[in-house]
Structure formats: C-alpha cells, structure tokens
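So the structure is just underneath, and the comments pick up after that.
The values are calculated or read from the model by the stated rules, or taken from the named source; none is laboratory data. Predicted, not measured: the structure shown is a model, and the values here were computed from it. Every residue, glycine as well, gets a Cβ built from its backbone with ideal geometry; the counts of neighbours run over all protein chains shown. Accessible surface is based on the protein model in full, side chains and every heavy atom, while ligands, DNA and RNA are left aside. Shrake-Rupley method; radii C 1.70, N 1.55, O 1.52, S 1.80 Å.
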Amino acid sequence: MLLDRRVLWLLLVVNALGTVYGYYWYGDQLIDTSQTQPAWQLVFVPDSPTASLFFTLALIYLLFPLSTSAGPVARGIRMIIEALGVVTSVKYGIWAVVMIVAGAMKGDQLVWQHYMLIVSHLSMAIEGLLFVRFFTFGRWAAFAAGCWLWLNDTMDYTYNIYPWLPEVLDRVVQAVRNFTFGLTLFSLLLTLLFLQLGRKARRIEA
C-alpha cells in the first residue's frame, strides 16, 4: 500500500507543504542569524524542514526511479538523500515532540500550534521508519547521515544557533544539548535496526 503511487503523491505533497511551512516557521531565526552570525551558519539553522526536504526528495526517487543505466555517482547521491531523509526525520521528529512536552512539563503554555507540531513531527519519525525497507541506501549512507547530524549538533551548540526553545528550557540548554547529541546516536541505531529488519522481510518475501 505504501508504494501505491496515489499514496506516494499524497505524501509528497504533504511533506513538500510541510517543508515550506517549516522554513517559514524558522523565518525569524534565519533573519536573526543572518544579522548576527556568518552566512555559512544559516544552513545549520532550520533542522526539521531540511529533514522533510530530504524525505520529499527521497519520495521523488520512489515515484521516478533512476534508470538501470544510472552511474555510481547518481546512485550514491540517491542513497545519501534517502539516508538523510530517514535519519534526520527520525531524529528531529522525536526531538521536537520531546522539547514541546518538556517545555509543557516545566510550565510552558501549550497552544494549538504545539499540538499540530507534535502530530506532524511524530508523523515525520514514523514515515521515515516505515519507508526504510523501500529505499536503496545501506549502512555506509546511514553513517554518513549520522555524521551530518553530529556536525549539525556541534554547530548548533557551539555557535548557539540551535532551534529557539521555550523560555523555560533556556535555563537547561546543557541538558538539551546532551539529549540532542544522544538522540542523534539513537536515531542512527534505530535506522540501522529497521534497515536490518527490512532486509529480513525482503528475504522472507522472496
């Protein structure tokens, strides 16, 4: 069912719209960063929308697969994009939900946008894991995606360009940083686990 073209097109549209909205959501922080930080740091600011962008591109590969004559470079690019789409979606999908819930537990007032973000980010993590078995990437690409996340984490908490937090969490940024680095490892391991499960499922189906 997940590979039905109608389902893929629906997910493509939803993820593309979510990506656009995500960059809009980060608009104020992107403007602030551009005014106070070197321009090269801008790429590390919008985390979740970049994750959904990678996943959107990965869906395009499912809708329009590479030809059998595609060279190793084209296949390698596809695998990196797919791996980034999964690992980053799992990581930031979980991260955003945890930050919202943690903020609420410390007294942050939740509004309807918070609940919308919880649903959308949980969906990011779930769809990433659901589609692992249909993508072409393997362990090396997953590790490359994990390295990108660790680089992003390092940039975020070295130059203070991490996503703006609820005010109640600004007092515990050290704990947020530690959780963020740990979640990158967890997301990579979870992706590798689902990769292995997907391979076993394909062998059984064969």
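Observations, loosely collected:
- Consider segment 107-142 and keep the residues that are free of Cβ contacts under 8 Å to residues at least 60 places away in the same chain and in a loop (DSSP other than H, G, I, E, B). The one that is most open to solvent (accessible area, probe 1.4 Å) is GLN109.
- Test: residue in segment 57-66 that is touching a Ser or Thr at 6+ places or on another chain (Cβ under 9 Å), of a type in the set (Ser, Thr, Tyr) and open to solvent by less than 40 Å² (accessible area, probe 1.4 Å): no
- Qualifying residues in segment 189-206 (those that are in contact (Cβ under 8 Å) with a residue 60 or more places away in the chain and within 15 Å of VAL87 (Cβ to Cβ)) - the one surrounded by the fewest Cβ atoms within 10 Å (Cβ to Cβ): GLY198
- Among residues of segment 71-95 being without any contact (Cβ under 8 Å) to a residue 12 or more places away in the chain and either among the aromatic types (Phe, Trp, Tyr) or surrounded by fewer than 13 Cβ atoms within 10 Å (Cβ to Cβ) (or both), the one that is nearest to LEU3 (Cα to Cα) is ALA74.
- Unique match (being touching a Phe, Trp or Tyr at 6+ places or on another chain (Cβ under 9 Å) and either exposed (fewer than 15 other Cβ atoms within 10 Å of the Cβ) or more than 20 Å from GLN29 (Cβ to Cβ) (or both)) among THR158, THR154: THR154
- Restricting segment 51-89 to residues that are closer than 16 Å to GLY22 by Cα and β-branched (Val, Ile, Thr), the residue that is nearest to the chain's Cα centre (by Cα) is THR88.
- Scanning segment 19-48 for residues that are crowded, with 20+ Cβ neighbours inside 10 Å and not hydroxyl-bearing (Ser, Thr, Tyr), we see that the one that is farthest from ALA96 (Cα to Cα) is PHE44.
- Per-region count, segment 1-18, residues within 21 Å of MET116 (Cβ to Cβ) and either open to solvent by less than 50 Å² (accessible area, probe 1.4 Å) or in contact with an Asp or Glu (Cβ under 8 Å, 6 or more places away or on another chain) (or both): 5
- The number of residues in segment 161-188 being exposed (fewer than 13 other Cβ atoms within 10 Å of the Cβ) and not small (Gly, Ala, Ser) comes to 5.
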